[in-house]
Each structure stands twice: as structure tokens, then as C-alpha cells.
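This report refers to the structure that appears directly beneath it.
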Amino acid sequence: MLGKNKNDTYTEDARTKIGTMIGAGTVFDGDLTSPEAVRIDGIINGNCSCEKKLILSAEGRIKGNITAQSVIISGKVDGDIVVSGKLELLATGKIAGNITAASIVIDEGANFDGRCTMTAALDRQPGSVSDAMPDQKADGETKEK
């Protein structure tokens with residue numbers, strides 16, 4: 001992206017008010033729920049639910065599902081992720097699970113093994129891409145309008 005500094009993500013993180021932090025070396029067994037932003041540098045064995053932003057550092061690990069408004073992954077996740085906003089998978093990040101998000105950014109070098117579903121569906125407006133393409137039958141043939 002032109003004009004965007006790679007450190008913009010980290011600058012944005014510095015402005016995020018973190019309500020909960022799981023420090024490096026900490027292991028948390030159980031489900032974590034927070035109304036504020038969460039930063040995880042340790043290990044979570046359970047589901048994470050956050051009403052705002054969830055940040056998983058390069059040292060962080062989550063074995064469970066994640067639900068949040070926005071998510072930044074630098075560490076490893078074994079589980080499904082549901083994000084109402086934007087998910088960023090940075091170069092050191094690894095996800096083994098399905099993603100459902102309105103917006104997704106995957107850096108070069110990141111690892112993702114699963115399915116991705118975009119929640120923001122294209123509106124069928126005149127002139128949209130779906131209107132420009134012919135209708136197709138199940139066998140791939142086009143049908144006449």
C-alpha cells in the first residue's frame with residue numbers, strides 16, 4: 001500500500017487502551033471475557049471474547065475460539081475467529097481454524113489454514129459485478145435471460 005508505513009499498526013496499538021493484559025509466561029486455563037481491549041503475550045487455553053480489540057503478540061498463543069470487534073494476530077491461534085470488524089494476520093501470525101470477518105488483511109509470510117467467510121456481502125445494486133456476470137447453472141453452463 002502506497003503511503004502507509006508498516007509501523008502504522010503498532011502506532012495504532014499504542015493508542016489502544018488495554019483493559020486486560022495476559023503477560024508473557026502466564027498460562028490461563030478457561031474462557032476469557034472482557035468489555036475492554038485485551039492484549040495477550042502469554043498462553044490462553046480456552047475461548048476469548050472481547051467487545052473491543054484483541055491483540056495477540058508474537059509470543060502469545062490461544063487454543064480456543066476468538067470473538068471480538070477487531071483482532072490483530074502476531075502469535076498462534078488454534079481455533080475459529082469471528083470478528084465484526086477487521087482482522088489483521090501479521091507476518092509472524094499463524095491461524096489453524098476458520099475466520100469470519102468483515103475485513104481481513106494477511107501479511108506476506110503469515111500462515112492460515114482454514115476457511116474464510118466475509119460478513120459484509122455485496123449489495124445487488126445496478127452496475128455491480130454480480131449483475132454484469134451471466135447467471136450460471138450448477139454444471140457451469142450459462143442460462144439465457
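Computed from the coordinates by the stated procedures, all read-outs in this text should not be read as laboratory data. Just so we're clear, the structure is a prediction, and the values are computed from it rather than from any experiment. Methodologically, a virtual Cβ is constructed for each residue, glycine included, from the backbone with ideal geometry; neighbour enumeration extends over all protein chains shown.
A few remarks follow.
- Tally of residues being of a type in the set (Asp, Glu) and touching a helix residue (DSSP H, G or I) at 6+ places or on another chain (Cβ under 7 Å) across the stretch 44-83: 0
- Here the stretch 44-84 is the region considered, the condition is being small (Gly, Ala, Ser) and not in a strand (DSSP E or B), and the residue that is farthest from the chain's Cα centre (by Cα) is GLY46.
- Among the criteria (1) surrounded by fewer than 19 Cβ atoms within 10 Å (Cβ to Cβ); (2) under 27 Å from GLY109 (Cβ atoms), the one ARG39 does not fulfil is (1).
- Scan of the stretch 16-43 for residues that are acidic (Asp, Glu) and either in contact with a helix residue (DSSP H, G or I) (Cβ under 8 Å, 6 or more places away or on another chain) or part of a strand (DSSP E or B) (or both), ordered by number: ASP29
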